[in-house]
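Below is one structure, written out as structure tokens, with a few remarks after it.
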Amino acid sequence: MFARQLASRAVPAVRGQSRVAAIRAFSATANARIEYPTVEKGQSLWNFTDEENMLRDTVRKFAVDNIEPIVRQMDEAEIMDPALIQGLFDNGLMGIEVPEEYGGAGMSFTSAIIAIEEIARVDPSVAVLVDVHNTLVNTVFRHHASDAIKEKWLTGLATEKVGSFCLTEPAAGSDAFGLQTTAKLDSSGDFYVLNGTKMWISNSGEADTFLVFANVDPSKGYKGITAFVISKDMGVEIMKKEEKLGIRASSTCVLNFDGIKIPKENVVGEVGKGYKIAIEILNEGRIGIAAQMIGLAQGAFEKAVPYTYQRKQFGKAVGDFQGLNFQFADIATQIEAAKLMTYNAARLQEEKRPFTKEAAMAKYYASVVAQRAAGAAIEWCGGVGFTRDTGIEKYWRDSKIGAIYEGTSNIQLETIAKFIKKEYA
Ligand SMILES: Cc1cc2nc3c(=O)[nH]c(=O)nc-3n(C[C@H](O)[C@H](O)[C@H](O)COP(=O)(O)OP(=O)(O)OC[C@H]3O[C@@H](n4cnc5c(N)ncnc54)[C@H](O)[C@@H]3O)c2cc1C
């Protein structure tokens, strides 16, 4: 009865038109809204190339052998081990998508996503270093830089120099285009003069190469925003290093630019088009954060569940109580869903299909699942989970950042809601 009422409301009788015709028109409109991709043959979403599967195995081994033994030490000291960074370069993990002619591995976007996921499974701090460097900095250079800039800067980024992505400022967070850093063209017309302050900049403690967004003409608003590449020795001042709740081995600093002279050849892309670069790259970069979060969730799950089958209470393994194993099933389902969303968004990006909504959904959902999985993992292990010895509490601390950087969860929801309105309003 209720269903019939609803149907009659959804498909109002149109004067002079039968209800059947109205339903047809209704379904035609609904179908017209969705573009389904076509493939030669049906494929599962767990569909990786041999190269991608090999990369996953290699990165997993690298993370277990080289990162796992120093995770706690790096977290407590709040330092990224320089030898580990060198190891990331040596193993091609800092130039995953960079073409071989510039010293990179020339692999797919999904490969970068897999590498970030596998590293985050062991340490989300290292994963963000790899993520920002590959999916933000390197990608902007690959897509927008001139050949001369690629030759000069991208080769270094793929082989030896850490990169930072500098957009956020003290007064410009979610509203990133309200940035106040300026780059004024000198009267000679040969160089820009950079002044301003950036905040929350990942990798900045280790970086040599900085991709900086600054306004060349504030009277034009966001249409003055331009991307520049500069090196540390041009005068980047690394100010306060933040003391954080999680991802503590990843450096996050305040940067100051006090009259840095930037040759005009260092403009990345076109003058005044920096806002487009930032939008494009953050849409894509969100898939990287989703990958960090699914890796984190998987890592916490894998650390906690085996313990519950060892720990006995009331004469049996605590993991055998339905109160716990139903929770395992529930969290495992959520991790699986977040993985599928992340891989799907990555493939859409690769296939040059629209992916902005799917990327926002993947990042939003993966960060929710990461928090849930890591929080539950602590509880599943009881008091042991609450100690720093097991490393499980670190996953929970690290999970909080997923809902904040590269667009907070509210900003992801806003993006998703805009698409819904476009489709249905
Ligand atoms: C550890 C860390 C690393 C980072 N790394 C980098 C980096 O490498 N490069 C870089 O450029 N930036 C980086 N950031 C900055 C990060 O992207 C910003 O922190 C983030 O975009 C949020 O900005 P904000 O902190 O100023 O929060 P705010 O924008 O002040 O937001 C505060 C609250 O208001 C809500 N809010 C804001 N606007 C809206 C709205 N329109 N609708 C609903 N709610 C809203 C937010 O969701 C949030 O809950 C990093 C931040 C952190 C913490």
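Structural remarks
- Filtered by the rule that a residue be farther than 14 Å from residue 412 by Cα and basic (Lys, Arg), the range 329-369 gives 339, 347, 352, 353.
- Breaking point among (1) part of a loop (DSSP other than H, G, I, E, B); (2) more than 19 Å from residue 48 (Cα to Cα), for residue 353: (2)
- Selected residue (criterion: surrounded by the most Cβ atoms within 10 Å (Cβ to Cβ)) from residues of the range 395-406 that are near the ligand (Cβ under 6 Å from one of its atoms) and farther than 17 Å from residue 119 by Cα: 406
- Filter result for residue 413 (in a helix (DSSP H, G or I), within 21 Å of the chain's Cα centre (by Cα) and modelled with pLDDT of 95 or more): yes
- Selection of the range 388-410 for residues being outside any helix (DSSP H, G or I), under 18 Å from residue 252 (Cα atoms) and in contact (Cβ under 8 Å) with a residue 40 or more places away in the chain yields 405, 406, 407, 408.
- Matching option when the condition is at pLDDT 95 or above, more than 16 Å from the ligand (Cβ to nearest atom), surrounded by fewer than 20 Cβ atoms within 10 Å (Cβ to Cβ) and in a helix (DSSP H, G or I), among 385, 375: 375
- Residue ID - nearest to the ligand (Cβ to nearest atom), chosen from residues in the range 147-180 that are in a loop (DSSP other than H, G, I, E, B) and closer than 17 Å to residue 232 by Cα: 167
The values are calculated or read from the model by the stated rules, or taken from the named source; none is laboratory data. Here the structure is a predicted model, which is why all the values come from computation and not from measurement. With ideal geometry, Cβ positions are generated from the backbone for all residues, glycine too; neighbour counts draw on all protein chains shown.
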